[in-house]
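Notes follow the structure.
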Amino acid sequence: MHPLTEQQIRSSFLNCSRKDAARLPMPPDLDALDWDRLDYLGWRDPQLSRRGFAVVPTEQGPKGIVVQTSGVAGTGKQALCAWCHDVRLPHPVVMYVAQRAGTAGRQGSTVGTLMCEGFQCSANVRKPPPSPYKGFDMDAYIADQITGLRARSQGFLAAVER
Ligand SMILES: [Zn+2]
């Protein structure tokens, strides 16, 4: 994704007030991120451990959401991150819930997704498959995975906005 400034990140949020967006904690390593290896930007709130943030690039520019997790749902073996679909489960997958944008959200409407607890999706889709056969087209495989992650993350943002 293209590098984002703090101002771009703050103004991208769909489901919180401008006042809240101005106070959100920024990603701790914002100046040192390897943006080429990110399909979206995700980070946890260091103060409120159940709160997280994700900023997804879209054709209309970056769109950000505040999400909350109960911290328990979806940590079983069957849980699959709905964004990266990584089947190796290298870390917990949890249910994140986002308040929907606008009036619907203010009236309490939410939308949820199972997702990598620490927003590791971009790293997951760049890993080779567990057992590639001889002649396996690794570049095409990873490109496909990246395309899938981008489409699914944008799809979730669209659901928050709808
Ligand atoms: Zn994931």
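The values are calculated or read from the model by the stated rules, or taken from the named source; none is laboratory data. Not measured: the values here are computed from a predicted model. Positions of Cβ are backbone-derived with ideal geometry, glycine not excepted, and every protein chain shown enters the neighbour counts. Ligands, DNA and RNA are excluded from the accessible area calculation, which covers all protein heavy atoms including side chains. Shrake-Rupley method; radii C 1.70, N 1.55, O 1.52, S 1.80 Å.
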From the phi angles alone, apply the Karplus equation (6.51, -1.76, 1.60; θ = phi - 60°) to region 91-96 and give each ³J(HN,Hα) in whole Hz, x where the residue is Gly or Pro. 7, x, 10, 10, 8, 9
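Taking the square root of 5 times each eigenvalue of the Cα gyration tensor, what semi-axes in Å does the equivalent ellipsoid of the chain have, largest first?
Numbers: eigenvalues 142, 66, 43 Å².
Listed largest to smallest, the semi-axes of the chain are 27, 18, 15 Å.
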So, over other residues within a Cβ distance under 10 Å of TRP83, counting Lys, Arg +1 and Asp, Glu -1, the net charge is 0
Nonlocal amide H pairs with THR110, under 5 Å, H built at 1.01 Å: ARG100
Could you check which residue among GLN68, GLN107, GLN99 shows the biggest mean-square fluctuation in a GNM of the chain with a 10 Å Cα cutoff? GLN107
Backbone HN-Hα couplings from phi across region 138-144 [Karplus 6.51/-1.76/1.60, Hz, Gly and Pro as x]: 4, 4, 5, 4, 5, 4, 4
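Using a 1.4 angstrom probe on the protein heavy atoms only, could you order GLU6, GLU117 from most to least accessible area?
Working: GLU6 85, GLU117 55 Å².
Largest to smallest exposure gives the sequence GLU6, GLU117.
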Provide the percentage of antiparallel DSSP beta bridges, counting only those with both residues in region 4-162; round to the nearest 5. 95
Please list, in chain and number order, the residues 5+ apart from TRP83 or on another chain whose amide H is under 5 Å from its amide H, with Hs placed from the backbone. CYS116
